[in-house]
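Worksheet: the structure to be examined is printed underneath.
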């Protein structure tokens, strides 16, 4: 986990600097399997503290990345996604006043996102512990799957108290939107929208690390 944090934090600086951040992972899928993927890191709740930290050289013994370093890594991630077959229209926004980072793209099939994440891992943009095979879809069987991820509990237990605090108030939201109507799902932790075309999971990042809340879901469509 420590290696993961060192690598991942260069791309997402704020994971290293504050425990008050939100990650939003959003997928919108059309009936033919094409769609849009968006990931947002929002640490605006801690922007005053982060503004002060950004002027420092180190925090808890770790180097504080400069704005130019963060921009370079995010732009590199965008270039890698653009080069991944099936992925197009890659866009990034970096709001360093409110500390919000966003990456979005279109895909021909959801497995293209898995391939893009694999490329980020291969290029050391994200750590080796980041899950990559997170989505799958079978149009013929009218199914969509959010795959199970490994537990990081043993790695978390080895972390220092200061590093553990990173996850204290961190929140994660998964939003799955579909053109087809949902007939069933396997994880009741996801709330179903009134029109039965979207699912939402809200969780503490720490609960996911310790697997107190599960992220996997098998979804069937009408």
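The values are calculated or read from the model by the stated rules, or taken from the named source; none is laboratory data. Every value quoted in this text rests on a predicted model; they were computed, and no experiment measured them. Cβ: placed from backbone, ideal geometry, glycine included. Neighbour counts: every protein chain shown.
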(request) Can you tell me which residue within region 119-155, out of those that are part of a helix (DSSP H, G or I) and over 20 Å from residue 41 (Cβ atoms), is modelled with the highest pLDDT? (result) 122
(request) Go through (1) crowded, with 16+ Cβ neighbours inside 10 Å; (2) outside any strand (DSSP E or B) and name the single condition residue 211 misses. (result) (1)
(message) Pairs please, first residue from region 81-102 and crowded, with 19+ Cβ neighbours inside 10 Å, second anywhere and assigned to a loop (DSSP other than H, G, I, E, B), Cβ atoms under 6 Å, 6+ apart in sequence or on different chains.
(response) 99/43
(message) Which condition from (1) on the phi < 0 side of the Ramachandran plot; (2) modelled with pLDDT of 75 or more; (3) in contact with a strand residue (DSSP E or B) (Cβ under 9 Å, 6 or more places away or on another chain) is the one that residue 16 breaks?
(response) (2)
(message) Given the options 188, 183, name the one that is without any contact (Cβ under 8 Å) to a residue 24 or more places away in the chain and either more than 28 Å from residue 79 (Cα to Cα) or in a helix (DSSP H, G or I) (or both).
(response) 188
(request) Please verify whether region 108-117 includes one or more residues that are under 16 Å from residue 28 (Cβ atoms), in a strand (DSSP E or B), touching a residue at least 40 places away in the same chain (Cβ under 8 Å) and under 14 Å from the mean Cα position of the chain (by Cα). (result) no
(message) Let me confirm something: among 36, 69, which residue is out of contact with any helix residue (DSSP H, G or I) (no Cβ under 9 Å at 6 or more places or on another chain), modelled with pLDDT of 70 or more and surrounded by fewer than 16 Cβ atoms within 10 Å (Cβ to Cβ)?
(response) 36
